[in-house]
Amino acid sequence: MTPLFFQSINVDLPRTAIYRRLGYRRNATRLDTARHREIEKYLGEAGELITLRGTARRLPCWIEPPGRVVLDETTVFASRNLARFLKDAGETLLMGATAGADVMAAIQADMAGGNATRGVVLDAAASEITDAALDWIMSYFRQTLRREGKALLTNRFSPGYGDFVLENQLIIHRLLPMERLGVTLTKTCLMVPEKSVTAVTGIVAP
């Protein structure tokens, strides 16, 4: 399958996750009315600054024990953790999403002295909203796979987690390819804009 691009992804604002990232806990943290209004105002501004886009690609895979996930003769993820995660999968789903450059520019400006509180809220919102875009992509593929009698694994695996090292971003970035979303990689395999994410999950036949 060639990469599928989603030029506009609309997700519900994950308020619970955003407030949790900001350090607030329901029934444990008291948030006064003025501060709540301020945060909600910045969340609204985050929605205006974020341009949520994504891409995904289905690829066959097989496992070579103890820790190689093979996509083709020249493309291999070396990770025991990922191999265990995908042990029952016959295909992988590679995913990527980005919140775009505008929100990151606003975060940097605020943190440099404009409004640190706003910067922190925008940062939390952009992180959680971008992650929610991967949930949206997975939901999209679940509908397609259901018609094929297949299913998607519940969880996903991202580079930098466990022994699935960050350098695997090079493979994912090439296969998707995320430059069409305006996402590039630094020499240390960090994504730019920063509020961008990639992940791998598996497709199984129950």
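Of the helices (runs of 4 or more DSSP H) lying entirely inside the range 64-159, those containing at least 1 residues that are in contact with a helix residue (DSSP H, G or I) (Cβ under 8 Å, 6 or more places away or on another chain) are 101-109, 116-147. Being part of a loop (DSSP other than H, G, I, E, B) and aliphatic (A, V, I, L, M) is the filter; apply it to the range 1-14 and report the residue that is surrounded by the fewest Cβ atoms within 10 Å (Cβ to Cβ). Per the criteria, the residue is Met1.
Let's see how each residue does on (1) of a type in the set (A, V, I, L, M); (2) touching a Leu at 6+ places or on another chain (Cβ under 7 Å):
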site	(1), (2)
Leu134	yes, no
Arg142	no, yes
Arg146	no, no
Leu152	yes, yes
Gln169	no, yes
Glu179	no, no
Val183	yes, no
Lys187	no, no
Ala199	yes, yes
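Of all the residues in the range 47-63, those that are within 23 Å of Arg180 (Cα to Cα) and not in a strand (DSSP E or B) number 6.
Exactly one residue out of Arg146, Arg156, Arg142 is within 12 Å of the chain's Cα centre (by Cα) and among the basic types (Lys, Arg), and it is Arg156. Filtered by the rule that a residue be crowded, with 16+ Cβ neighbours inside 10 Å and over 16 Å from Val120 (Cβ atoms), the range 15-52 gives Thr51, Leu52. Taking every residue in the range 112-137 that is farther than 30 Å from Leu4 by Cβ and pairing it with any residue that is assigned to a helix (DSSP H, G or I), at least 6 positions away or on another chain, the pairs with Cβ-Cβ distances below 6 Å are Arg118/Tyr42; Arg118/Asp110; Gly119/Ile107; Gly119/Asp110; Gly119/Met111; Val121/Ile39; Val121/Tyr42.
Of these, Ala112, Ala125, Ala89, Ala105, which one is among the aliphatic types (A, V, I, L, M) and under 15 Å from the mean Cα position of the chain (by Cα)?
Numbers: Ala112 fails: under 15 Å from the mean Cα position of the chain (by Cα); Ala89 fails: under 15 Å from the mean Cα position of the chain (by Cα); Ala105 fails: under 15 Å from the mean Cα position of the chain (by Cα).
Only one candidate passes the filter, namely Ala125.
For first residues located in the range 187-204 and free of Cβ contacts under 8 Å to residues at least 60 places away in the same chain, partners that are part of a loop (DSSP other than H, G, I, E, B) and lie 6+ apart or on another chain with Cβ distances below 8 Å form the pairs Cys189/Pro159; Val192/Val183; Val192/Thr186.
Can you tell me which residue in the range 53-85 is surrounded by the fewest Cβ atoms within 10 Å (Cβ to Cβ), limited to those that are of a type in the set (Val, Ile, Thr) and more than 13 Å from Gly202 (Cβ to Cβ)? The extreme case among them is Thr74. Please go through the range 95-112 and pick out each residue that is open to solvent by 10 Å² or more (accessible area, probe 1.4 Å) and either in contact with a Phe, Trp or Tyr (Cβ under 7 Å, 6 or more places away or on another chain) or not aliphatic (A, V, I, L, M) (or both). Listed by number, the residues that qualify are Gly100, Asp102, Gln108, Asp110.
Could you please find all residues in the range 148-206 being of a type in the set (Gly, Ala, Ser) and either over 16 Å from Thr98 (Cα atoms) or open to solvent by 30 Å² or more (accessible area, probe 1.4 Å) (or both)? Please lay out each step first, then the result.
First, pick out the residues of the range 148-206 that are of a type in the set (Gly, Ala, Ser): 149, 151, 158, 160, 162, 182, 196, 199, 202, 205.
Scanning the range 148-206 gives Gly149, Ala151, Ser158, Gly160, Gly162, Gly182, Gly202, Ala205.
Of all residues in the range 139-158, those that are basic (Lys, Arg) have Cβ atoms under 7 Å from Cβ atoms of residues that are open to solvent by 40 Å² or more (accessible area, probe 1.4 Å), 6 or more apart or on another chain, in Lys150/Ala205.
The values are calculated or read from the model by the stated rules, or taken from the named source; none is laboratory data. Source: prediction; values computed, not measured. All Cβ positions, even for glycine, are placed from backbone atoms using ideal geometry, and neighbour counts span all protein chains on display. Side chains included, ligands, DNA and RNA excluded: accessible areas come from the protein's heavy atoms. Shrake-Rupley method; radii C 1.70, N 1.55, O 1.52, S 1.80 Å.
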